[in-house]
Amino acid sequence: MRKLPFLILLCCLSAQAQILNAESLRKVTDTSGWSGSATVNFSLARNVTEQISLGSDIHLQYKKNKHLFLVKNQIVFQKVDNEDFFNSGIQHFRYNNRFADRWAWEAFVQGQYNRVAKIDFRGLAGSGMRYKLTTSEKYKFYLGSLLMFEYEEVADGVTPTQKDFRLSSYLSFSLYPTDNISIVSTTYYQPQVDKWRDHRVSSETSLVFTIYENIRFNTTYVFIYDAFPALGIPNSQYRLSSGLTYTFD
C-alpha cells in the first residue's frame, strides 16, 4: 500500500452523519495501485458517570487506468456506565469508471445503522453519472446525479419499513490556494422520487493545511437536514471536528 494516512481526532462536537460523503473517500493520485487510511479513536472519562468511546474507520482505494474502487468500513461505539449509549456503523463500496475526459459512471452499495438516529438498518444501492466541470488543477468542481433504492428499518415504534427510490445529486469542489492548503466541500440533495417533500440535505466542508512535512491539520463541519427523521429525532444535525493527519509511503 503506497499511502496509509492515520487520522487522530483532537476534538469533536457531533451528531453522527446519516448521509455518507463519498467525495471524502476519493484520494487524489496520478498512479495506479492501492492507497487508503485507517483511524482508531479511544477515550475514557469519569465525572458523575463513566464514559467509554471507541471508534474505527478503514478506507481502501484501488486505481487502475480508468477504473477506481473504493471501500469504507466505519464503526463507533460509546458506553455510559453500564448502558450502551451510542452505536453506529457504515459499510460502503463504490466503483467509478471514467469513460471520457470529464465523464464517469459510478455505482455503489451501502449498509448502515445508527442507534442515536433510531436507524436499525438502512441499505442503499445506486448508479449514475459524474461530470467534471473544470479542467484546472488549482480548483476542481464536480456535478453528479444518481438514482438509488433505499431500504430502511426505523426503531421508533411508529415508522413502517421504508422501500423507495431516491435521487442523490451532489455538487463538490476542491480548492488548492497554495501547496499547503486545501478546501474541500460537498453538498448532497436526496429527495424521494414520488414524494419530493421527503428529502435530505447534507453539506460537508473541510479545511486542511500542512503543519510539517507529512503532518496535516484539518477542520471539518458537517450539516444534515432530514425532512422526515424518526420520531423524536431533530430535523437538523451537525458535526464539527478537528484533527491531525500523518501520511507516509
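The values are calculated or read from the model by the stated rules, or taken from the named source; none is laboratory data. In this text the structure is predicted, and so the values were computed from the model without any measurement. Methodologically, a virtual Cβ is constructed for each residue, glycine included, from the backbone with ideal geometry; neighbour enumeration extends over all protein chains shown.
Among the conditions (1) of a type in the set (A, V, I, L, M); (2) outside any strand (DSSP E or B); (3) surrounded by fewer than 18 Cβ atoms within 10 Å (Cβ to Cβ), Leu147 misses just one, which is (2). Tell me yes or no: at least one residue of the range 185-198 is among the aliphatic types (A, V, I, L, M), touching a Phe, Trp or Tyr at 6+ places or on another chain (Cβ under 6 Å), modelled with pLDDT of 90 or more and not in a strand (DSSP E or B). Yes. Scanning the range 199-234 for residues that are part of a loop (DSSP other than H, G, I, E, B) and farther than 19 Å from Phe121 by Cα yields Glu213, Asn214. Tyr139 falls short on exactly one of the conditions (1) in contact (Cβ under 8 Å) with a residue 24 or more places away in the chain; (2) among the hydroxyl-bearing types (Ser, Thr, Tyr); (3) within 18 Å of Val222 (Cβ to Cβ), and that condition is (3).
Would you point out which residue out of Thr161, Thr210, Thr186, Thr219 is polar (S, T, N, Q), free of Cβ contacts under 8 Å to residues at least 12 places away in the same chain and touching a strand residue (DSSP E or B) at 6+ places or on another chain (Cβ under 6 Å)? Result of the check over Thr161, Thr210, Thr186, Thr219: Thr161.
Taken over the range 94-133, the residue count meeting the criterion of being surrounded by fewer than 17 Cβ atoms within 10 Å (Cβ to Cβ) and of a type in the set (Asp, Glu) is 2. Scanning the range 55-76 for residues that are modelled with pLDDT under 80 and surrounded by fewer than 17 Cβ atoms within 10 Å (Cβ to Cβ) yields Ser56, Ile58. Do we have Ser127 as under 15 Å from Gln190 (Cβ atoms) and free of Cβ contacts under 8 Å to residues at least 24 places away in the same chain here? Considered against the rule, which asks whether it is under 15 Å from Gln190 (Cβ atoms) and free of Cβ contacts under 8 Å to residues at least 24 places away in the same chain, Ser127 comes out as yes.
Residues in the range 199-249 that are over 18 Å from Leu171 (Cα atoms), modelled with pLDDT of 85 or more and among the basic types (Lys, Arg): 0 in all. Among the residues of the range 184-236, those that are of a type in the set (Val, Ile, Thr), within 16 Å of the chain's Cα centre (by Cα) and more than 14 Å from Arg166 (Cβ to Cβ) comprise Val184, Thr186, Thr187, Thr205, Thr219, Thr220, Val222, Ile224.
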